[in-house]
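One structure is given here, and the rest of the page talks about it.
The values are calculated or read from the model by the stated rules, or taken from the named source; none is laboratory data. Keep in mind that what you see is a predicted model, and the values were worked out from it rather than measured. Positions of Cβ are backbone-derived with ideal geometry, glycine not excepted, and every protein chain shown enters the neighbour counts. Quick note on the areas: whole protein, heavy atoms, side chains included, nothing else; ligands and nucleic acids left out. Shrake-Rupley method; radii C 1.70, N 1.55, O 1.52, S 1.80 Å.
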Amino acid sequence: MKNSLFYFSATGNSLAVSKEIANKLENCELISIAEVVKKESYDIDSEMVGLIFPVYCLDAPKIVREFIKKVNFNSNPYIFSIATNNREPGYTLATIDKLLKEKGQNLDLGYTLVMPGNSVVIQDNTNSREEQILRINNSKVIIREMIKDIQEKRKAAIEGDFSLKDSIKGLIYQLAVYKIYKPQNHFWTTKQCRRCGICKKICPTENITLEEQEVEWGNNCEGCLACFHWCPQSAINLGNNTLNKSRYHHPEISLAEIIK
Ligand SMILES: Cc1cc2nc3c(=O)[nH]c(=O)nc-3n(C[C@H](O)[C@H](O)[C@H](O)COP(=O)(O)O)c2cc1C
(Lines give C-alpha, C1' and ligand atoms only; values in the text may rest on other atoms or scores of the structure.)
Protein backbone atom coordinates (compact mmCIF):
# COMPACT_ATOMS: atom_id res chain seq x y z
CA MET A 1 0.00 0.00 0.00
CA LYS A 2 1.17 3.54 -0.61
CA ASN A 3 2.10 6.33 1.78
CA SER A 4 0.87 9.88 1.19
CA LEU A 5 2.49 13.08 2.37
CA PHE A 6 0.32 16.20 2.07
CA TYR A 7 2.03 19.57 2.37
CA PHE A 8 1.23 23.26 2.36
CA SER A 9 4.14 25.67 1.98
CA ALA A 10 4.50 29.33 1.00
CA THR A 11 8.22 29.95 1.39
CA GLY A 12 9.46 26.37 1.11
CA ASN A 13 10.22 25.42 4.73
CA SER A 14 7.43 22.88 4.95
CA LEU A 15 8.09 21.62 1.43
CA ALA A 16 11.80 21.08 2.14
CA VAL A 17 10.88 19.06 5.26
CA SER A 18 8.26 17.12 3.27
CA LYS A 19 10.73 16.26 0.51
CA GLU A 20 13.34 14.97 2.95
CA ILE A 21 10.79 12.73 4.65
CA ALA A 22 9.10 11.52 1.44
CA ASN A 23 12.51 10.48 0.05
CA LYS A 24 13.03 8.17 3.02
CA LEU A 25 9.59 6.52 2.99
CA GLU A 26 8.80 3.72 0.60
CA ASN A 27 6.24 4.27 -2.13
CA CYS A 28 5.48 7.79 -0.88
CA GLU A 29 3.61 10.34 -2.96
CA LEU A 30 3.97 14.08 -2.21
CA ILE A 31 0.71 15.97 -2.65
CA SER A 32 -0.04 19.70 -2.44
CA ILE A 33 -2.85 20.57 -0.03
CA ALA A 34 -3.58 23.69 -2.12
CA GLU A 35 -4.33 21.42 -5.10
CA VAL A 36 -6.49 18.99 -3.12
CA VAL A 37 -8.75 21.71 -1.69
CA LYS A 38 -9.62 22.83 -5.24
CA LYS A 39 -11.25 19.43 -5.89
CA GLU A 40 -14.89 18.59 -5.16
CA SER A 41 -13.86 15.70 -2.90
CA TYR A 42 -10.74 13.62 -2.27
CA ASP A 43 -10.35 10.01 -1.13
CA ILE A 44 -7.41 8.87 0.97
CA ASP A 45 -6.69 5.16 0.90
CA SER A 46 -3.08 5.13 2.11
CA GLU A 47 -1.42 3.13 4.83
CA MET A 48 0.40 6.16 6.21
CA VAL A 49 -0.54 9.85 5.94
CA GLY A 50 1.71 12.83 6.70
CA LEU A 51 0.53 16.44 7.07
CA ILE A 52 3.29 19.07 6.94
CA PHE A 53 2.56 22.80 6.96
CA PRO A 54 3.39 26.11 8.74
CA VAL A 55 1.86 27.48 11.93
CA TYR A 56 -0.24 30.63 11.37
CA CYS A 57 -1.26 32.66 14.41
CA LEU A 58 -0.61 29.76 16.81
CA ASP A 59 -2.94 27.52 14.81
CA ALA A 60 -3.21 25.54 11.59
CA PRO A 61 -3.71 27.60 8.41
CA LYS A 62 -7.32 27.82 7.21
CA ILE A 63 -6.45 25.93 4.01
CA VAL A 64 -5.14 22.98 6.05
CA ARG A 65 -8.26 22.91 8.20
CA GLU A 66 -10.41 22.98 5.04
CA PHE A 67 -8.34 20.13 3.61
CA ILE A 68 -9.02 17.84 6.57
CA LYS A 69 -12.72 18.68 6.49
CA LYS A 70 -12.84 17.86 2.76
CA VAL A 71 -11.01 14.53 2.52
CA ASN A 72 -12.56 11.08 2.97
CA PHE A 73 -10.51 8.51 4.84
CA ASN A 74 -11.24 5.18 3.18
CA SER A 75 -8.43 3.46 5.05
CA ASN A 76 -7.45 3.69 8.70
CA PRO A 77 -3.93 5.13 8.25
CA TYR A 78 -1.13 5.87 10.67
CA ILE A 79 -1.15 9.71 10.72
CA PHE A 80 1.74 12.01 11.58
CA SER A 81 2.02 15.77 11.31
CA ILE A 82 4.84 18.34 11.45
CA ALA A 83 4.01 22.00 12.06
CA THR A 84 6.95 24.17 10.96
CA ASN A 85 7.14 27.38 12.95
CA ASN A 86 9.09 30.38 14.20
CA ARG A 87 9.28 29.24 17.85
CA GLU A 88 5.58 29.72 18.70
CA PRO A 89 3.73 26.56 17.62
CA GLY A 90 0.68 27.26 19.81
CA TYR A 91 -2.15 24.73 19.68
CA THR A 92 -1.81 23.95 15.96
CA LEU A 93 -1.52 20.19 16.38
CA ALA A 94 -4.39 20.03 18.88
CA THR A 95 -6.56 21.55 16.14
CA ILE A 96 -5.35 18.91 13.67
CA ASP A 97 -6.06 16.12 16.16
CA LYS A 98 -9.54 17.51 16.86
CA LEU A 99 -10.40 17.75 13.13
CA LEU A 100 -9.07 14.23 12.52
CA LYS A 101 -11.17 12.88 15.40
CA GLU A 102 -14.25 14.39 13.75
CA LYS A 103 -13.33 12.12 10.81
CA GLY A 104 -12.90 9.07 13.06
CA GLN A 105 -9.08 9.33 12.86
CA ASN A 106 -6.26 10.14 15.29
CA LEU A 107 -3.06 12.13 15.10
CA ASP A 108 -0.59 9.39 16.07
CA LEU A 109 2.54 11.55 16.08
CA GLY A 110 2.67 15.37 16.05
CA TYR A 111 5.92 17.30 15.94
CA THR A 112 6.65 21.00 15.87
CA LEU A 113 9.81 22.07 14.04
CA VAL A 114 11.53 25.46 14.30
CA MET A 115 12.39 26.87 10.87
CA PRO A 116 13.16 30.41 9.64
CA GLY A 117 10.29 32.84 10.26
CA ASN A 118 8.62 34.31 7.17
CA SER A 119 5.97 36.65 8.57
CA VAL A 120 6.01 40.40 8.05
CA VAL A 121 2.28 40.71 8.75
CA ILE A 122 1.74 43.64 11.17
CA GLN A 123 5.30 43.21 12.46
CA ASP A 124 8.55 41.82 11.11
CA ASN A 125 9.12 38.33 12.53
CA THR A 126 11.84 37.20 10.13
CA ASN A 127 15.39 36.27 11.19
CA SER A 128 18.91 37.28 10.21
CA ARG A 129 20.59 35.26 7.42
CA GLU A 130 22.86 33.64 10.01
CA GLU A 131 19.89 32.54 12.09
CA GLN A 132 18.10 31.22 8.99
CA ILE A 133 21.10 29.04 8.09
CA LEU A 134 21.47 27.85 11.67
CA ARG A 135 17.82 26.85 11.88
CA ILE A 136 17.89 25.03 8.53
CA ASN A 137 21.02 23.09 9.53
CA ASN A 138 19.49 22.20 12.92
CA SER A 139 16.27 21.09 11.27
CA LYS A 140 18.13 18.54 9.14
CA VAL A 141 19.44 16.81 12.27
CA ILE A 142 16.00 16.80 13.90
CA ILE A 143 14.28 15.55 10.71
CA ARG A 144 16.60 12.51 10.67
CA GLU A 145 15.30 11.56 14.14
CA MET A 146 11.70 12.22 13.10
CA ILE A 147 12.10 9.92 10.09
CA LYS A 148 13.16 7.04 12.36
CA ASP A 149 10.03 7.54 14.49
CA ILE A 150 7.79 7.76 11.43
CA GLN A 151 9.28 4.62 9.88
CA GLU A 152 8.62 2.79 13.14
CA LYS A 153 5.09 4.25 13.25
CA ARG A 154 5.76 5.52 16.74
CA LYS A 155 2.83 6.97 18.69
CA ALA A 156 3.47 9.83 21.15
CA ALA A 157 1.87 12.85 22.78
CA ILE A 158 1.54 15.72 20.29
CA GLU A 159 3.82 18.75 20.74
CA GLY A 160 2.69 22.33 21.29
CA ASP A 161 1.52 24.92 23.82
CA PHE A 162 -1.97 24.01 24.94
CA SER A 163 -2.53 26.39 27.86
CA LEU A 164 -5.62 28.60 28.13
CA LYS A 165 -3.25 31.58 27.81
CA ASP A 166 -2.09 30.32 24.41
CA SER A 167 -5.63 29.68 23.20
CA ILE A 168 -6.64 33.24 24.10
CA LYS A 169 -3.44 34.66 22.58
CA GLY A 170 -4.08 32.68 19.37
CA LEU A 171 -7.65 33.93 19.08
CA ILE A 172 -6.53 37.54 19.56
CA TYR A 173 -3.70 37.06 17.05
CA GLN A 174 -6.11 35.59 14.45
CA LEU A 175 -8.67 38.32 15.04
CA ALA A 176 -6.00 41.00 14.66
CA VAL A 177 -4.53 39.53 11.45
CA TYR A 178 -7.54 38.18 9.55
CA LYS A 179 -10.49 40.25 10.78
CA ILE A 180 -8.98 43.64 11.62
CA TYR A 181 -5.71 44.10 9.71
CA LYS A 182 -6.59 41.89 6.68
CA PRO A 183 -3.30 41.38 4.74
CA GLN A 184 -5.11 41.61 1.37
CA ASN A 185 -5.80 45.31 2.09
CA HIS A 186 -2.13 46.14 2.66
CA PHE A 187 -0.33 44.67 -0.37
CA TRP A 188 0.90 47.12 -2.98
CA THR A 189 3.41 47.05 -5.83
CA THR A 190 6.28 49.38 -6.70
CA LYS A 191 7.20 50.57 -10.20
CA GLN A 192 9.51 47.55 -10.44
CA CYS A 193 6.46 45.34 -11.04
CA ARG A 194 6.73 43.86 -14.56
CA ARG A 195 3.32 42.22 -14.44
CA CYS A 196 4.98 38.83 -14.95
CA GLY A 197 2.08 37.11 -13.19
CA ILE A 198 4.19 34.99 -10.83
CA CYS A 199 2.22 36.33 -7.83
CA LYS A 200 -1.00 35.18 -9.47
CA LYS A 201 0.41 31.73 -10.25
CA ILE A 202 1.91 31.20 -6.80
CA CYS A 203 -1.12 32.24 -4.76
CA PRO A 204 -2.49 29.02 -3.18
CA THR A 205 -6.04 30.37 -3.02
CA GLU A 206 -6.12 31.93 -6.53
CA ASN A 207 -6.76 35.25 -4.81
CA ILE A 208 -4.64 37.50 -7.06
CA THR A 209 -5.77 39.03 -10.35
CA LEU A 210 -3.83 41.14 -12.86
CA GLU A 211 -6.02 44.02 -13.97
CA GLU A 212 -5.06 46.60 -16.67
CA GLN A 213 -2.44 48.41 -14.60
CA GLU A 214 -2.81 46.84 -11.21
CA VAL A 215 -2.18 43.65 -9.29
CA GLU A 216 -5.24 43.09 -7.12
CA TRP A 217 -5.77 40.96 -4.02
CA GLY A 218 -9.25 39.53 -3.29
CA ASN A 219 -10.70 38.62 0.07
CA ASN A 220 -9.69 34.95 0.14
CA CYS A 221 -6.18 35.70 1.43
CA GLU A 222 -4.41 33.14 3.62
CA GLY A 223 -1.74 35.72 4.52
CA CYS A 224 0.88 33.13 3.52
CA LEU A 225 3.11 35.78 1.87
CA ALA A 226 4.16 33.56 -1.06
CA CYS A 227 3.46 36.54 -3.40
CA PHE A 228 5.56 38.89 -1.26
CA HIS A 229 8.58 36.60 -0.83
CA TRP A 230 8.74 35.13 -4.35
CA CYS A 231 8.17 38.25 -6.50
CA PRO A 232 11.34 38.23 -8.70
CA GLN A 233 11.49 42.05 -8.54
CA SER A 234 10.71 42.29 -4.81
CA ALA A 235 8.04 44.67 -6.09
CA ILE A 236 5.29 43.52 -3.73
CA ASN A 237 5.13 45.22 -0.36
CA LEU A 238 2.96 44.84 2.71
CA GLY A 239 2.28 48.13 4.44
CA ASN A 240 5.05 50.68 4.79
CA ASN A 241 7.86 48.76 6.42
CA THR A 242 8.89 46.21 3.82
CA LEU A 243 10.48 48.36 1.09
CA ASN A 244 14.07 47.61 2.03
CA LYS A 245 13.40 44.30 3.66
CA SER A 246 15.07 41.20 2.23
CA ARG A 247 12.74 38.45 1.07
CA TYR A 248 13.00 34.87 2.29
CA HIS A 249 12.58 31.45 0.82
CA HIS A 250 14.12 28.12 1.79
CA PRO A 251 17.40 27.93 -0.19
CA GLU A 252 16.76 24.38 -1.45
CA ILE A 253 13.29 25.07 -2.83
CA SER A 254 12.67 26.61 -6.26
CA LEU A 255 9.86 28.85 -7.45
CA ALA A 256 8.71 26.10 -9.86
CA GLU A 257 8.29 23.65 -6.97
CA ILE A 258 6.05 26.04 -5.05
CA ILE A 259 3.95 26.97 -8.09
CA LYS A 260 3.19 23.41 -9.20
C1 LIG B 1 0.50 34.83 8.60
C2 LIG B 1 1.59 34.10 9.32
C3 LIG B 1 1.43 33.81 10.66
C4 LIG B 1 2.44 33.10 11.35
N5 LIG B 1 2.22 32.79 12.67
C6 LIG B 1 3.16 32.09 13.35
C7 LIG B 1 2.94 31.73 14.71
O8 LIG B 1 1.92 31.99 15.32
N9 LIG B 1 3.93 31.05 15.36
C10 LIG B 1 5.12 30.72 14.74
O11 LIG B 1 5.98 30.13 15.38
N12 LIG B 1 5.34 31.04 13.43
C13 LIG B 1 4.39 31.70 12.71
N14 LIG B 1 4.59 32.01 11.38
C15 LIG B 1 5.86 31.58 10.74
C16 LIG B 1 5.74 30.29 9.92
O17 LIG B 1 4.97 29.33 10.58
C18 LIG B 1 7.12 29.67 9.61
O19 LIG B 1 8.03 30.60 9.13
C20 LIG B 1 6.95 28.51 8.64
O21 LIG B 1 8.07 27.66 8.71
C22 LIG B 1 6.79 28.93 7.18
O23 LIG B 1 6.60 27.77 6.41
P24 LIG B 1 6.62 27.72 4.83
O25 LIG B 1 7.98 28.23 4.38
O26 LIG B 1 6.44 26.28 4.49
O27 LIG B 1 5.52 28.58 4.31
C28 LIG B 1 3.62 32.70 10.67
C29 LIG B 1 3.76 33.01 9.31
C30 LIG B 1 2.77 33.70 8.64
C31 LIG B 1 2.95 34.01 7.18
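Could you please give the count of residues in segment 142-157 that are open to solvent by less than 40 Å² (accessible area, probe 1.4 Å) and either under 29 Å from Cys227 (Cα atoms) or among the aliphatic types (A, V, I, L, M) (or both)?
Adding up the residues that qualify gives 5.
I'd like the full set of residues that are touching an Asp or Glu at 6+ places or on another chain (Cβ under 6 Å) and part of a helix (DSSP H, G or I), limited to segment 142-164.
Ile143
Restricting attention to segment 66-98, and to residues there that are open to solvent by 30 Å² or more (accessible area, probe 1.4 Å) and among the hydrophobic types (A, V, I, L, M, F, W, C), which single residue is farthest from the ligand (Cβ to nearest atom)?
Per the criteria, the residue is Phe73.
Which strands (runs of 3 or more DSSP E) does segment 165-260 wholly contain that include 1 or more residues that are open to solvent by 20 Å² or more (accessible area, probe 1.4 Å)?
Output list reads 187-189, 208-210, 215-217.
How many of the residues making up segment 6-27 are assigned to a helix (DSSP H, G or I) and at pLDDT below 95?
Adding up the residues that qualify gives 0.
So which residues in segment 38-65 are within 16 Å of the ligand (Cβ to nearest atom) and either open to solvent by 30 Å² or more (accessible area, probe 1.4 Å) or part of a helix (DSSP H, G or I) (or both), if there are any at all?
Result: Lys62, Ile63, Val64, Arg65.
Do you know which residues across segment 106-141 are buried (at least 20 other Cβ atoms within 10 Å of the Cβ), in a loop (DSSP other than H, G, I, E, B) and away from the ligand (no atom under 16 Å from the Cβ)?
Scanning segment 106-141 gives Leu107, Asp108.
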